[in-house]
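**Q** The structure is given below, and queries will be raised subsequently.
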Amino acid sequence: MQALFTENAPAAIGPYSQGYRINNFIFTSGQIPADPVDGSIPEGISAQAEQSCKNVGAILEASGLGFEHVFKTTCFLADMADFSAFNEVYAKYFTSKPARSCVAVRTLPKNVLCEIEAIAVK
């Protein structure tokens with residue numbers, strides 16, 4: 001097992017890693033829409049979905065992989081009313097249409113509107 005770290009994604013805000021490589025698999029931790037430089041959170045579901053996708057992408061890139069290598073995601077929304085707007089952004093990044101679960105949760109860290117985790121294979 002190898003812990004993953006890149007400065008192009010937000011540092012963990014708790015006792016966990018950005019992700020792990022296990023053999024040919026990459027498991028990312030859930031990525032909230034925090035800017036990796038200053039920790040700021042953009043306003044609105046579309047901007048937050050965009051930043052969450054970019055954060056997942058940064059971890060994949062640091063592993064030598066891209067979105068096309070993702071075969072499973074789990075997405076968390078603070079409000080299922082944001083489902084359509086979230087999907088519009090998500091679809092731009094996850095063009096290979098990986099298997100996915102998308103659930104509404106009561107709250108997310110830093111009161112963000114979405115969080116995305118991914119599993120990829122080389």
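**Q** Which count do you get for residues in segment 15-26 that are in contact (Cβ under 8 Å) with a residue 12 or more places away in the chain and surrounded by fewer than 18 Cβ atoms within 10 Å (Cβ to Cβ)?
**A** Of all residues in segment 15-26, those in contact (Cβ under 8 Å) with a residue 12 or more places away in the chain come to 16-22, 24-26.
Remaining after also requiring surrounded by fewer than 18 Cβ atoms within 10 Å (Cβ to Cβ): 16-17, 20, 22, 24-25.
So the count comes out to 6.
**Q** Looking only at segment 34-79, which residues are surrounded by fewer than 21 Cβ atoms within 10 Å (Cβ to Cβ) and of a type in the set (Val, Ile, Thr)?
**A** Selection gives Val37, Ile41, Thr74.
**Q** Residues to consider are Phe94, Phe83; find the one that is over 24 Å from Gly14 (Cα atoms) and over 12 Å from the mean Cα position of the chain (by Cα).
**A** Details: Phe94 fails: over 12 Å from the mean Cα position of the chain (by Cα).
Of Phe94, Phe83, the one residue that is over 24 Å from Gly14 (Cα atoms) and over 12 Å from the mean Cα position of the chain (by Cα) is Phe83.
**Q** With the structure loaded, tell me whether Gln31 is at pLDDT 95 or above, buried (at least 22 other Cβ atoms within 10 Å of the Cβ) and in contact with a Lys or Arg (Cβ under 9 Å, 6 or more places away or on another chain) or whether it fails that test.
**A** Numbers: at pLDDT 95 or above: yes; buried (at least 22 other Cβ atoms within 10 Å of the Cβ): yes; in contact with a Lys or Arg (Cβ under 9 Å, 6 or more places away or on another chain): yes.
Yes: the conditions hold for Gln31.
**Q** Next question. Mind checking which residues of segment 40-58 are over 26 Å from Val121 (Cβ atoms) and either of a type in the set (Ser, Thr, Tyr) or at pLDDT below 95 (or both)? Steps first, please.
**A** Narrowing segment 40-58 to residues over 26 Å from Val121 (Cβ atoms): 40-48.
Residues satisfying the conditions are Ser40, Ser46.
**Q** Please find, within segment 80-103, the residue that is surrounded by the fewest Cβ atoms within 10 Å (Cβ to Cβ) out of those that are β-branched (Val, Ile, Thr) and in contact with a Ser or Thr (Cβ under 9 Å, 6 or more places away or on another chain).
**A** Residues of segment 80-103 that are β-branched (Val, Ile, Thr), as a first pass: 89, 95, 103.
Keeping just the survivors that are in contact with a Ser or Thr (Cβ under 9 Å, 6 or more places away or on another chain) gives 89, 103.
On the way: Val89: 19, Val103: 9.
Out of the qualifying residues, it is Val103.
**Q** Do the conditions hold for Leu77, that is, is it in contact with a Leu (Cβ under 8 Å, 6 or more places away or on another chain) and either within 17 Å of Leu4 (Cβ to Cβ) or at pLDDT 95 or above (or both)? Walk me through it before giving the result.
**A** Numbers: in contact with a Leu (Cβ under 8 Å, 6 or more places away or on another chain): yes; either within 17 Å of Leu4 (Cβ to Cβ) or at pLDDT 95 or above (or both): yes.
Considered against the rule, which asks whether it is in contact with a Leu (Cβ under 8 Å, 6 or more places away or on another chain) and either within 17 Å of Leu4 (Cβ to Cβ) or at pLDDT 95 or above (or both), Leu77 comes out as yes.
The values are calculated or read from the model by the stated rules, or taken from the named source; none is laboratory data. For clarity, every value in this text was computed on a predicted model and none was experimentally measured. As a convention, Cβ positions derive from the backbone with ideal geometry for all residues, glycine included, and neighbour counts pool all protein chains shown.
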